[in-house]
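Asker: Handing you this structure, nothing more for now.
The numbers here are math on the coordinates, done by the rules we state, and not lab data. Since the model is a prediction, treat every value here as computed from it, not as a measurement. Note that we place each Cβ from the backbone using ideal geometry, even for glycine, and neighbour counts take in every protein chain shown.
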Amino acid sequence: MAKKPKKEEGVEAQTEEKGLEAQAEDQKPPMLSVLAQYTKDQSFENPNAPDSLRSGLSAPEIQINIEIGRQMLEGDNVEVTLMLKAEARREDKVAFIAELEYAGLFAFAGVTAEEIQPLIMIECPRLLFPFSRQIMAEMTQNGGFPPIMLEPPDFAGMFRAEMMRRAAEKPTN
């Protein structure tokens, strides 16, 4: 027959459990939450319409520019903005210019100071990009052109390049 545990052993086990729970709360895993996503600014210019929409014209040459902006807010919140610009030209004439600022409001928890910059500059834009890409595709299509399908950028590479640029700018003493 099994012995019943003494009351003292049960109290000790409960105390240990509470101690482990408190430790687990102190060591929360890193968390990134998307609180909101929204269009801050959107513009489509078709300055040479209707001539730029005639059939039989060659496909325009398109230049794509992607920038990332961030604004730290109170607490552990940050607004990250993807700024996309597509400028299409045929020879010396502008076919269209599409610009979009698409932002997200993010919250962080359990993240160290060293981990926060890569999250802001890599993971947040990576979460925003599919939505901004869809908006850009619909915008160009609604402007009378084929939808522009942007390839996902290498946000990690962009972050590394920015860190290397900043390191090169720092004066050495």
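Asker: Need one number: nm distance between label points at V34 and R89, each 7 Å from Cα along Cα→Cβ, rounded to one decimal.
Answerer: Output for this residue pair reads 3.5 nm.
Asker: Hey, any idea what the orientation-averaged projected area of the convex hull of the range 29-169's Cα atoms comes to, in nm²?
Answerer: Working: hull surface 40.5 nm².
Its Cα hull, projected and averaged over all orientations, spans 10.1 nm².
Asker: Could you give the length gained by full extension between I116 and A167, i.e. 0.36 nm per residue of separation minus their alpha carbon distance, to one decimal place?
Answerer: Result: 16.6 nm gained on full extension.
Asker: What is the Rg over Rh value, at two decimals, for the range 45-112, using alpha-carbon atoms and the Kirkwood definition of Rh? Can you show the working numbers first?
Answerer: Working: Rg = 18.4 Å, Rh = 14.6 Å.
Here Rg/Rh amounts to 1.26.
Asker: Could you list the square roots of 5 times each eigenvalue of the Cα gyration tensor of the range 83-133, that is, the equivalent ellipsoid semi-axes, sorted largest first and rounded to whole Å?
Answerer: That gives 34, 11, 7 Å for the three semi-axes.
Asker: Using a cut-off of 12 Å between beta-carbons, work out the net charge of the residues near Q117 (Lys and Arg +1, Asp and Glu -1, Q117 not included).
Answerer: Values: positive: R70, R160, R166; negative: E114, E115, E123, E162.
Overall, the nearby charge balance is -1.
Asker: For E74 and S43, calculate 0.36 nm times their separation in residues minus their Cα-Cα distance, and state this gained length in nm to one decimal. Intermediate values should be presented prior to the final figure.
Answerer: On the way: separation 31, 0.36 × 31 = 11.16 nm, distance 2.99 nm.
Full extension of this stretch gives 8.2 nm more.
Asker: With a 10 Å radius around each residue's Cβ, average the other Cβ atoms per peptide and rank 129-138, 79-88, 43-52, 109-118, highest first.
Answerer: Working: 129-138: 16.8, 79-88: 20.5, 43-52: 13.5, 109-118: 11.9.
Top to bottom by mean Cβ count within 10 Å: 79-88, 129-138, 43-52, 109-118.
Asker: Right, here's the next one. Taking the Cα centre of the range 119-173 as the origin, how large is its charge dipole in debye, to the nearest 20, when only Lys and Arg (+1) and Asp and Glu (-1) carry charge on their Cβ atoms?
Answerer: It comes to approximately 220 debye.
Asker: Moving to a separate point now. Dividing the alpha-carbon Rg of the range 120-173 by 2.2 N^0.38 Å yields what? All intermediate terms of the calculation are to be shown ahead of the outcome.
Answerer: Details: Rg = 16.2 Å, N = 54, 2.2 N^0.38 = 10.0 Å.
My calculation over the Cα atoms of the range 120-173 gives 1.62.
Asker: Sticking with this one: Near M139, within a Cβ-to-Cβ distance under 15 Å, what is the net charge of the other residues, with Lys and Arg +1 and Asp and Glu -1?
Answerer: Values: positive: K40, K85, R133; negative: D41, E45, E87, E99, E101, E138.
So the surrounding residues net to -3.
Asker: Between L105, P118, A49, whose Cα lies farthest towards the positive end of the dipole of the range 32-173 when Lys and Arg beta carbons carry +1 and Asp and Glu beta carbons carry -1, centred on the Cα centre?
Answerer: Looking along the dipole axis, the top candidate is A49.
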